[in-house]
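The values are calculated or read from the model by the stated rules, or taken from the named source; none is laboratory data. This one's a predicted model, so the numbers in the text were calculated from it and none came from an experiment. We place every Cβ from the backbone using ideal geometry, glycine too, and count neighbours over all the protein chains shown.
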Amino acid sequence: MPKYGVAPVTTRPDGRAPDELRPFAFARDHTAMTPGSVLVSFGRTKVLCTVSLEPDIPRWLKGQGRGWVTAEYNMLPGSSPERVRRSLTNGRSQEIQRLIGRSLRSVCDLQAMGERSIIVDCDVLQADGGTRTASICGAYLALHDACTRLVAARELAAHPLGDELAAISVGVVDGEARLDLPYVEDSAAEVDFNVVMTGSGQFVEVQGTAEGKPFSRAELDGLVDLAAAGIARIVEGQREYLATPPPALSPLR
C-alpha cells in the first residue's frame, strides 16, 4: 500500500509539522464484488469506499439523458472507542453524505453517464478525525475506477470524470493553524474547516466554523491556503494511484 508524506518532529501530538499531512494511502480493489473499491487511510482514520451501479435514475431526471451520482456515509460499530449503533442514517451522516455526493458531481459529466445511477458507499472502519474528507478522497478514486471499467467494457463512450477531487481538514489549535486534524486536535480546535477542491485548484466547498472566538479574514485566507497546499499533495498521490489503470473486471463481479 503506497504511502505519502514525511514527518519532522514538532509539538503536535503525533510529531507532525503544522503544515504536514498524516501519512495517507489508497488501496485499490479492497473488496471484490464491486466495479470500484478503495480503502483510504489518513493516519488512523480508515474508510472503505465502494461503488454500486443501478440501471435507473431518480424520477425527476427521467427523459433528460443524464445520469446521477450520489453517496451514503456511515460509521460502523467498532469505528470509535464507544460502539456506534447500527441505525438508520442520522442527521450528521445525512449532512456528510450530501457533501460527498455534491463533491463527486462537481467533477462528473452526468450527460456522459447516460441514464444510470452510481452510488458510492463510504463506511468508516476506524475514526480518528477527518472521516468526511478521507471519504471524499477515496470516493473519487473508487468512482474513477468504476467509470474506467465501464469505458473499457464499452458501456460508456467516454470517461465522465474531468478533474481530480480531494478534501482535507484544517483548524486553529492553541492559536496555531494546523493541517489534517486527528480527533485529539479536532475536538480542541478553536476554528475548524473542511475544504474540498479539484485537482485544477478550483473550490467545491469550504465549511468553516469558529468554536469560540471569531476569526479574521486574514486567518480565513491562511487556513484556506494551508488546505489548498495539503490538497495539492493528496492529488499527487491520487495521480500516482491512477497512473496504473484498474485491471479488468473479474468473473466474480
Within the range 146-154, is there a residue that is in contact with an Asp or Glu (Cβ under 7 Å, 6 or more places away or on another chain), modelled with pLDDT of 95 or more, surrounded by fewer than 20 Cβ atoms within 10 Å (Cβ to Cβ) and more than 22 Å from E211 (Cβ to Cβ)? no
Mind counting the residues in the range 155-169 that are β-branched (V, I, T) and either farther than 18 Å from A232 by Cβ or free of Cβ contacts under 8 Å to residues at least 24 places away in the same chain (or both)? 0
Residue that is farthest from D174 (Cα to Cα), among those in the range 188-209 that are aliphatic (A, V, I, L, M) and surrounded by 19 or more Cβ atoms within 10 Å (Cβ to Cβ): V204
Suppose we filter P55, P18, P35 for residues that are under 25 Å from D225 (Cβ atoms), modelled with pLDDT of 80 or more and not hydroxyl-bearing (S, T, Y); which single one remains? P18
Anything in the range 177-205 that is on the phi > 0 side of the Ramachandran plot and among the charged types (D, E, K, R)? List them, or say none. D180
Does the range 203-224 contain any residue that is charged (D, E, K, R) and touching a residue at least 60 places away in the same chain (Cβ under 8 Å)? yes
Within the range 210-247, work out how many residues are loosely packed, with under 12 Cβ neighbours inside 10 Å, within 12 Å of V191 (Cβ to Cβ) and not basic (K, R). 3
If you go through the range 223-235 one residue at a time, do you hit one that is part of a strand (DSSP E or B), within 19 Å of T133 (Cα to Cα), in contact with a helix residue (DSSP H, G or I) (Cβ under 7 Å, 6 or more places away or on another chain) and of a type in the set (V, I, T)? no
Determine if the range 163-174 includes at least one residue that is of a type in the set (D, E), modelled with pLDDT of 95 or more and crowded, with 20+ Cβ neighbours inside 10 Å. yes
Of the conditions (1) hydrophobic (A, V, I, L, M, F, W, C); (2) under 22 Å from Q97 (Cβ atoms); (3) surrounded by fewer than 23 Cβ atoms within 10 Å (Cβ to Cβ), the single one that V38 does not satisfy is (3)
With the range 92-207 as the region, which strands (runs of 3 or more DSSP E) entirely inside it contain at least 1 residues that are hydroxyl-bearing (S, T, Y) and closer than 17 Å to E20 by Cα? 165-173
